[in-house]
Amino acid sequence: MDRILSNLGKNIKLARLRRRLSAEIVAERAGISRATLTKNEKGSSSVAMGIYASVLFALGLEKDLLKVDSDDALGRKLQDLDLVVHKRAPKRKKDI
């Protein structure tokens, strides 16, 4: 997990630098401190996922969050193999 967060942090920093935005501006837009942005860009696991989302939003990358499950071929195959359709028992008629 640390490697994934580290890569995410590096990608966030690269996105910020490509946009030629300072850390101060992105932190302000995300509503966080510059120190928190630095932790975010280092991929710190102590930073809440909501902060990662705020920074992505500040960079205009919020739509990438919607791609998390868009191409989950393995998940779909596993789901299809294990789909169990539960039937409900018929409702009992009340005795009068």
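The packing ranking, built from the mean of other Cβ atoms within 10 Å per residue, places the peptides 1-12, 33-44 in the order 33-44, 1-12, highest first. Solvent-accessible area assigned to carbon and sulfur over the chain amounts to 55 percent, based on a 1.4 Å probe.
Across the options Ser33, Ser22, Leu81, the greatest Cα extent toward the positive end of the charge dipole of the chain (unit charges at beta carbon of Lys, Arg, Asp, Glu) belongs to Leu81.
Under the simplified labelling scheme, the Ile25-Glu62 pair shows an inter-label distance of 1.9 nm, with each label point 7 Å from Cα along Cα→Cβ.
Excluding ligands, DNA and RNA, the accessible surface per residue across the chain is 86 Å² with a 1.4 Å probe.
Which log10 I(q)/I(0) values, to two decimals, does the range 16-96 give at q = 0.12, 0.15, 0.18, 0.20 Å⁻¹ under the Debye formula with one point per Cα? With one equal scatterer per Cα and no solvent, log10 I(q)/I(0) is -0.55, -0.67, -0.81, -0.90. Note on the chain: with charges restricted to the Cβ of Lys and Arg (+1) and Asp and Glu (-1), its dipole about the Cα centre is near 320 debye. Only lysine pairs 8 or more places apart or on separate chains count here, and in the chain those with Cα atoms under 28 Å apart total 15.
The values are calculated or read from the model by the stated rules, or taken from the named source; none is laboratory data. Note that this is a predicted model, so its numbers are computed, not measured. We place every Cβ from the backbone using ideal geometry, glycine too, and count neighbours over all the protein chains shown. SASA here: full protein model, heavy atoms, side chains in, ligands and nucleic acids out. Shrake-Rupley method; radii C 1.70, N 1.55, O 1.52, S 1.80 Å.
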